[in-house]
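Beneath this line is the structure, given in structure tokens, with notes to follow.
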């Protein structure tokens, strides 16, 4: 009976245990459902795939609270602009460099100068607030990323001209921001140079001082690289907005010897140099300056190609086999050849100086060893190619008239 009662007791208690086991998971499950993920504030930034190449996607918060490494100096006086810059710096140049890589970066920055167009206002304390009124390092918005359609251009050229044109005010602001960021980078470079000299002069330094110097140099390098990257973004903005100007200029120089793609590549490089050298403080529009730079560069390229072709042609001609008079006269008697040569010489002497030069050059007579083109004769005489063609026709008509008036007798052949 005792064993039977124990079994009964176990059967009675078993369901209670199963109820307990079913109830126990509900407590943590209820707690999990109550935990909601942190919500991100709504933003007005465009989708991530619309950002320009090389530009880091901004944080969800339009005014991110970026934390600068503790104890390290600031870059900008404005609080919001400093936070935007530190956030950009953390995206562009994360703190992943080893001490050896930082030392190489310091050496590279000190070895080369940072070029920029200076302005007396750059040292003014209040310039940051007015120049960066939006309190952001890079002004990315849906209007900035809107693509401009150019149906009159091929697809590969239309993609180059998708950036909208800048207004005069936007152009001045973009140039000033670009040069101001390079000015700030140059200031940090000079500061880094002085810090490095002081650190090298100290013979004895503790381990803590070495670590502090390494952290300071690393932060300075990151700031310089970030400032230069931001300045390059503004430069690219200026270049892309003026691509239509380059295309309209270089297409006028295209011919059978100068390909459009080659001239366009050189024109883009010239445009980038023009952006770096343009001084917006002079008060002119950038397109006025860029037009002259790109046009001179295209003309220089065309002339270099022409000289190269002439050099190659002359080299090939000099290495060829010249046809002697004996080979020319192989089909006729020596008497006939001498008669024709003397008669032609007398007829040429009756032409004026320009006609004689054109006939000799066009038919490789006398001292001319190869046929000259109409364009080369036009350049030599300072007239148009059409005028050379007219003079050549007139000279040939005169020679035909002379030959008809006094033909060579058959006895002389």
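Laboratory data are not the source of any read-out in this text; all were calculated from the coordinates shown. All figures in this text were calculated on a predicted structure; none of them were measured in a lab. Because the Cβ atoms are built from the backbone with ideal geometry, glycine has one as well, and the counts that use them run over all protein chains shown.
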**Item:** Contour excess over end-to-end distance, with Cα ends at residue 312 and residue 110 and 0.36 nm allotted per residue
**Value:** 68.3 nm
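Could you calculate the FRET efficiency of residue 165 with residue 403 from 1/(1 + (r/R0)^6), where r is the beta carbon distance between them and R0 is 60 Å, rounded to 0.05?
Details: r = 65 Å, r/R0 = 1.08.
Calculated transfer efficiency: 0.40.
Among 253-259, 128-134, 158-164, how do they line up from the highest to the lowest mean number of other beta-carbon atoms within 10 Å? Can you show the working numbers first?
Numbers: 253-259: 12.3, 128-134: 14.3, 158-164: 16.7.
Put in order of decreasing packing, that is 158-164, 128-134, 253-259.
When a footprinting reagent is the concern and you count Cβ atoms within 10 Å, what order do 184, 207 take, fewest first?
Numbers: 184 23, 207 7.
Listed from fewest to most nearby Cβ atoms, that is 207, 184.
Among 280, 294, which comes first, then next, by fewest other beta-carbon atoms within 10 Å?
Details: 280 19, 294 26.
Result, fewest neighbours first: 280, 294.
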